[in-house]
Structures are given as C-alpha cells and as structure tokens.
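Accompanying notes for the structure given below.
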Amino acid sequence: MTSTAAEGPVAQGGEERRIIVMIGAPGAGKGTQAARLAATLGLPHVSTGKLFRDAVHSQQPLGAQVRSYVESGSLVPDDVTVDVVEQRLRQRDARDGAILDGFPRTRAQAVAFDELLAKTGARVAAALYVEVPTEELMARLTGRRICTLDDQHVYHIVARPPKITGRCDLDGARLEQRHDDKPATLQRRLDQQLPPMYDVVDHYADDGPLFSVRGDQPADDVTDELMGALAAVARSDGA
Ligand code: AMP
C-alpha cells in the first residue's frame, strides 16, 4: 500500500483514541450500525470488507491478492488483513479513533490488533456485538440488494424493497446482489465465518469491554442500545 502525506502513527493519541470494534455475522446489520455510530461520533467507518472490495474493483495489487477469498466468501489471511487495518488507521482521519466494521474476525486478528494498539498505549475502547439468529441471517442476506454506485444504499427484496424494482431510490443506479450473498457462497461464508467470530466474542468477553445487543429489532432501537453502551463505557472511563 502506498503512503500518503495524510499518514501518521497508527495509534496517535493513546488512551484518548476511541477505537470501537463492531462484531456481527454477515447480515447482522453491523455495517448500517457502524455507519450511524461513525456519523454520530465523527469517527471514520472502517470496513475491511469494503476496503477489500474496493481493492478488487480498482484493480490494486491488494485486490489480486484477496479476490479469490472475497468472492468465495472465505476469510482473507490474518497477516494481510491486519496489515490493511494498520495502514488504514495511519490515515489522518483516524487520529481520534475509528469504528471498525468486520475486523477483527478471528482470535489471531484480535490478539494482533491488541498488540498493535498497545505499542502506543492505545486499546480497544469497546467491542459491540450485534447478535442475530442464524435463520434470520440467511433470510436477510439472500434478499439483500446493493446499489452499484454506493454500497451504503442497501435494500431487501421483501423487507425494504426499492420503489422501482432493481433501481436505487437515492440515485437511480442499478441494484445488484453481492456475489458472496448468493445462496451457494452464503452457506460457506456463514459456516466459515461464524466459529472464528465466536472466538472474537470470547476474546473481548475476557479482555472487554464487550457489549451484546440484539440485532433482530428495529434498526433505530439497535442504534440506541449501542449508543447507550458507549455512554456507559465513557462514564466508567471517566470514573
Ligand atoms: P463483509 O463485507 O464484512 O461481509 O466482508 C466481505 C469479505 O471480505 C469477507 O467475506 C471476507 O472474504 C473478507 N473480509 C472482510 N473482513 C475480513 C477480516 N477481518 N478477515 C478476513 N477476511 C475479511
């Protein structure tokens, strides 16, 4: 990855830096929630899935390295993933912290991340786990359709259909099903990704603070609970 003038040390600011980790299965809604928290807290939303997809689409060397994993729904190797996150957190917009969406996804990533942050006296401020039953995940993901212009514009063929079939309400662009949301890939994605995700939950349950929130409730309620959890962390840090 190239360096830019906007880069700085990975963990400037030490304890004052707010590094928030969002944990959740594919389809749990953690991306939507991460975007909301990022906007409210004024921190960048760092999605490793998006970083990888963008690298594939823009044909960066990283894209060639990760394409087969991303398209087949397997996890990208830990060393590559940790390196991408480290580089991203060096960007100046992350100097006060970041909302990490989809990272860490394995215990090894969680441990490497703790070590990386500890080098400059920082740590994960909170791990937020958005929990959704597996049957509901399948229904959510097979019906999910994404805008081809902006992947934050997300629809569902039953639960949140666009006004015009196949077109984004916001910009009129074509909607598509993510390659890895197709049923054949999806089952493998869940089979491969859920066990290591539970390890990550255990990691933060031990080394916390971990907060679990039910993701099978209205999105606004999920956001309120997550903000409540962050407020509790801020209070305990200030105490
Ligand atoms: P997502 O958009 O979070 O569902 O991620 C899409 C794909 O990117 C995943 O299925 C993996 O192939 C890859 N990916 C994203 N985050 C990670 C991670 N932390 N570790 C390994 N692979 C990842």
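Considering ARG88, ARG67, the condition of being touching a helix residue (DSSP H, G or I) at 6+ places or on another chain (Cβ under 8 Å), closer than 25 Å to ASP150 by Cβ and without any contact (Cβ under 8 Å) to a residue 12 or more places away in the chain is satisfied by ARG67 alone. For the range 73-100, the candidate set comprises residues that are small (Gly, Ala, Ser) and not in a loop (DSSP other than H, G, I, E, B); within that set, the residue that is surrounded by the fewest Cβ atoms within 10 Å (Cβ to Cβ) is GLY97.
Could you say whether any residue in the range 91-108 is modelled with pLDDT of 95 or more, within 19 Å of HIS153 (Cα to Cα), away from the ligand (no atom under 14 Å from the Cβ) and not basic (Lys, Arg)? Looking through the range 91-108, none of the residues is modelled with pLDDT of 95 or more, within 19 Å of HIS153 (Cα to Cα), away from the ligand (no atom under 14 Å from the Cβ) and not basic (Lys, Arg). Taking (1) surrounded by fewer than 16 Cβ atoms within 10 Å (Cβ to Cβ); (2) closer than 22 Å to ARG105 by Cβ; (3) of a type outside the set (Val, Ile, Thr) in turn, LEU190 satisfies each apart from (1). Screening the range 42-72 for residues that are of a type in the set (A, V, I, L, M) and in a helix (DSSP H, G or I) and picking the one that is nearest to the ligand (Cβ to nearest atom) gives VAL70. Inspect all residues belonging to the range 73-88 and state whether any of them is closer than 21 Å to MET197 by Cβ, more than 10 Å from the ligand (Cβ to nearest atom) and among the β-branched types (Val, Ile, Thr). No, there is no match, as no residue in the range 73-88 is closer than 21 Å to MET197 by Cβ, more than 10 Å from the ligand (Cβ to nearest atom) and among the β-branched types (Val, Ile, Thr).
Taking the stated definitions as given, is SER47 small (Gly, Ala, Ser), within 17 Å of the chain's Cα centre (by Cα) and buried (at least 21 other Cβ atoms within 10 Å of the Cβ)? So SER47 fits the description; yes.
The values are calculated or read from the model by the stated rules, or taken from the named source; none is laboratory data. None of these values were measured; they are calculated from a predicted model. Cβ atoms come from the backbone with ideal geometry, glycine included; neighbour counts cover every protein chain shown.
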